[in-house]
């Protein structure tokens, strides 16, 4: 308190001068419309800039929350879309199931907490596991396309076999036809994958879209993969078909996990047929 009193005593003339200047400034603004308008415009500009900067900072910190809400909404929408009416899809068969709706695919979301993309055999780690119903051999996608297949799981975490992996073999096809092939990776460029086993009858051109084929029990049909970047046709067959991914595999955030509710039934039937 004594220091505050000492400060006012020491600088009393200077403080009086500042006070008088402020009073003079206020009277000048109030009695001159030109000065008043200039002052208001300047004040608005300054406060507007401050508010804009503050809002930008707030939006930045809000972005993480918004991304999470968006992936939740997309996941909910996909779950509702994939609930189909049995009477419309299987009306050629006599049904004894009294359920009106049948859902083939179920979706949940997770966050990528570790991502490798520079090795020959890359994996990812997501923050959901057995406690959240995640098991092995489930598809992992996002809004841009496929990412990989779940591999090992713990209580709350799962590793994902990336499509950038020597062991990854994904059924894929041309969007504009029913010609199928297998998506692999040669380990060179993480933006470019290879499509093999495409029949020679297929009409391919650069820019063609490649999607999931739906022949596997993991991914639904029609999920985007990428576009034909280049290809080589020799000796009446396709030697190399390079696919440029829609996904940036080096920049992955939230993903969706796809569970095929009829996977066991499908695989059991296929195994029985193969043993006959």
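The values are calculated or read from the model by the stated rules, or taken from the named source; none is laboratory data. All values reported here derive from a predicted model rather than from experimental measurement. Note that each Cβ is placed from the backbone with ideal geometry, even for glycine, and that neighbours are counted across all protein chains shown.
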Filtered residues of segment 169-185 (kept if touching a strand residue (DSSP E or B) at 6+ places or on another chain (Cβ under 7 Å) and farther than 17 Å from residue 148 by Cβ): 173, 174, 175, 179, 180, 181
Candidates 224, 229, 151, 156 - the one that is in contact with a helix residue (DSSP H, G or I) (Cβ under 6 Å, 6 or more places away or on another chain), in contact (Cβ under 8 Å) with a residue 12 or more places away in the chain, within 25 Å of residue 119 (Cβ to Cβ) and surrounded by fewer than 20 Cβ atoms within 10 Å (Cβ to Cβ): 156
Say we look at segment 238-256 and pick out the residues that are out of contact with any helix residue (DSSP H, G or I) (no Cβ under 9 Å at 6 or more places or on another chain) and in a strand (DSSP E or B); which of these is farthest from residue 204 (Cα to Cα)? 245
So is residue 271 at pLDDT below 95, closer than 29 Å to residue 134 by Cα and assigned to a loop (DSSP other than H, G, I, E, B) or not? no
Per the filter on segment 213-237, residues touching a strand residue (DSSP E or B) at 6+ places or on another chain (Cβ under 8 Å) and assigned to a strand (DSSP E or B) are 224, 225, 226, 227, 228, 229, 230, 231, 232, 233
Could you list all residues from segment 178-198 that are free of Cβ contacts under 8 Å to residues at least 60 places away in the same chain and in a loop (DSSP other than H, G, I, E, B)? 178, 179, 185, 186, 188, 189, 191, 197, 198
How many residues are assigned to a strand (DSSP E or B) and farther than 24 Å from residue 267 by Cβ if we restrict to segment 125-145? 3
Given the residues 201, 266, which is the only one that is over 18 Å from residue 165 (Cβ atoms), surrounded by fewer than 17 Cβ atoms within 10 Å (Cβ to Cβ), over 23 Å from the mean Cα position of the chain (by Cα) and in contact (Cβ under 8 Å) with a residue 24 or more places away in the chain? 266
Quick check on segment 108-122. Is at least one of its residues surrounded by 11 or more Cβ atoms within 10 Å (Cβ to Cβ), assigned to a loop (DSSP other than H, G, I, E, B) and modelled with pLDDT under 90? no
